[in-house]
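For reference, the structure is listed below as structure tokens.
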Amino acid sequence: MRKKIVAGNWKMHKNAEQTEELLNELIAKIPAQTTAQVIVAPTFVNLQAAVAKLKNTTIAVSAQNVHQAEGGAFTGEISADMLTSIGVKTVILGHSERRAIFHETDALIANKVDTALKHDLTVIFCFGEELKDRQSDNHFNIVENQLRDGLFHIAKESWANVVLAYEPVWAIGTGETASPEQAQDMHEFIRETVRKAFGAQIADQVSILYGGSVKPDNAKEIFGKPDVDGGLIGGAALKADDFLAIVTAI
Ligand code: PEP
């Protein structure tokens, strides 16, 4: 059975006090036993507090980024060792905002993937096409290239620490969602692409999350598709009740 996962990407939201408030609400509301592994990704400065607060719960903590170098003169950056030293076990890489706003290329993301895996971090690898790619019917090519260039260099054994997150850029933070059929078509294609490159066992085991305006009212239908193993949630992860509704939709 593939692992079901619902991860909340908090982006640059929630100061220390607000982080504590939201975590308290999640701890109170999210049942101890859930079908999905629940993950939250607060900002760097609130990771240590989140790890401490969630210590005896089933909710895991992820970082939103990591630097590719082991350490050194990289003002303002955070290393993989720093993350693992405070108990963080997961990192989101390749998010479309990192790609578009911070100019992260597939090659750079590939380096970050290597560093994260070397430190035993689980990587939530994000990728997805822009609207122009879908309109020009190039979306499958784009997605395949992002996978090949950013991720497919890893060893077979490393797939145990990889989660895929298909996030069509045109659906992120826009209120626009891929239809459940569009999500399923792409997820099936992604699984096939993994199957061709790495074999059936890895393809059947890897969790593929959908991200892009998942809300309480559309989560159930999207999660109902056979190749959708959960979601990476942005806006709706910032309200405990909405996030809880998405977690229970699975
Ligand atoms: C995201 O940024 O990963 C995301 C899916 O955002 P939203 O749910 O707000 O579209």
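The values are calculated or read from the model by the stated rules, or taken from the named source; none is laboratory data. The structure displayed is predicted, hence computed values, not measured ones. Glycine also receives a Cβ, built like all others from the backbone with ideal geometry; neighbour counts cover every protein chain displayed.
Observations, loosely collected:
- Every pair of residues 6+ apart whose Cβ atoms lie under 8 Å, when the first sits in the range 56-74 and is under 18 Å from G87 (Cα atoms) while the second is exposed (fewer than 13 other Cβ atoms within 10 Å of the Cβ) and not charged (D, E, K, R): T57/A32; T58/A32; T58/Q33; H67/F74
- V113 being over 26 Å from E21 (Cβ atoms) and either touching a strand residue (DSSP E or B) at 6+ places or on another chain (Cβ under 8 Å) or more than 15 Å from the ligand (Cβ to nearest atom) (or both): yes
- Residues satisfying the stated conditions in the range 15-29, i.e. surrounded by fewer than 19 Cβ atoms within 10 Å (Cβ to Cβ) and of a type outside the set (G, A, S): N15, E17, Q18, E20, E21, N24, E25, I27, K29
- Leading residue by the ranking (modelled with the lowest pLDDT) among those in the range 172-200 that are surrounded by 21 or more Cβ atoms within 10 Å (Cβ to Cβ) and among the small types (G, A, S): A178
- Qualifying positions in the range 200-249 - within 15 Å of the ligand (Cβ to nearest atom), more than 18 Å from I124 (Cα to Cα) and among the β-branched types (V, I, T): I222, I246
- Every residue from the range 164-196 that is within 9 Å of the ligand (Cβ to nearest atom), outside any helix (DSSP H, G or I) and either over 15 Å from N141 (Cα atoms) or of a type in the set (V, I, T) (or both): A165, I172, G173, T174, G175, E176, T177
- In the range 39-106, counting only helices (runs of 4 or more DSSP H) that sit wholly within it, the ones holding 2 or more residues that are in contact with a strand residue (DSSP E or B) (Cβ under 8 Å, 6 or more places away or on another chain) and among the hydrophobic types (A, V, I, L, M, F, W, C) span 47-53, 80-85.
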